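Every number in this text was worked out from the coordinates using simple rules, so none of it is lab data. Quick caveat: nothing in here was measured; it's all calculated off a predicted structure. With ideal geometry, Cβ positions are generated from the backbone for all residues, glycine too; neighbour counts draw on all protein chains shown.
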Amino acid sequence: MNKNSPDKTRNVIYLGAVSLFTDAASAMVSPIMPLFLAIVLGSSIEEIGLVLAITTLVSYLLRFIAGSLSDKYDRNKPLLLLGYGVSAISKPLFAFTGGWQDVTALKFFERLGKALSAAPKDKLIGLSAQSGHEGKWFGLHKAM
């Protein structure tokens, strides 16, 4: 192990902790979103399906774009901070929505945040792992 190993280990642990709290917040919001749309906002089944379809599509398309940007500019930390920031800010704003269109816009930003942070996070974990032990560090991150 090189002398930078403790810093690199901290990178993985910090990224794991941030991911844990971000994913926990998403896991609390996502299951109740269809009920919120239907019961509180009076959305139809079609509108709920449209919200979920649009935001899922956006999430996966933007991951590709964010990963490409991360590689092109080799700027992982700003994308990571922006992604987690956008995701964190968007979640509490669901309480102020007035219709399925508002929810779609906020889910778009929440998914944008996840997409912006996914590839740079994985890249930083890979760079922080000791050569030959990448699986161990990705496993630790996923376990968190």
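In summary, the aspartates and glutamates within cross-link reach of K77, defined as a Cα separation below 16 angstrom excluding same-chain residues under 8 places away, comprise D7, D122. Relative to the longest principal axis of the Cα atoms of the chain, the long axis of helix 76-90 lies at roughly 30 degrees.
Just to confirm the number: angle between the C-alpha axis of helix 5-29 and the first principal axis of the chain, 0 to 90 degrees, nearest 10? Value to nearest ten degrees: 10.
In a solvent-free Debye calculation with one equal scatterer on each Cα, what is log10 I(q)/I(0) for region 1-85 at q = 0.16, 0.17, 0.19, 0.24 Å⁻¹, listed in the order of the q values? These q points yield log10 I(q)/I(0) values of -0.86, -0.92, -1.03, -1.20.
For the residue pairs K8/K91; K91/K121; K72/K107; K72/K114; K72/K136, the alpha carbons lie more than 24 Å apart in K8/K91; K72/K107; K72/K136. Counting only alpha carbon atoms, the long axis of helix 100-128 and the longest principal axis of the chain meet at about 10°. At q = 0.13, 0.22, 0.25 Å⁻¹ the log10 of I(q)/I(0) for region 45-110 amounts to -0.43, -0.94, -1.07, computed by Debye summation with a single uniform scatterer per C-alpha, solvent ignored. The distance between label points at K136 and D102 comes to 5.0 nm (points 7 Å beyond Cα on the Cα→Cβ vector). With the convex hull of its Cα atoms as the shape, the chain has an orientation-averaged projected area of 9.0 nm².
Overall form of region 70-144: prolate. Here a/c, set by the Cα gyration tensor axes a ≥ b ≥ c, is 1.5 or more, and a/b is the larger of a/b and b/c.
Helices in the chain, meaning DSSP H runs of at least 4 residues, each add -39500 (n - 2.57). Divided by all residues, the mean residue ellipticity at 222 nm is -26000 deg cm²/dmol.
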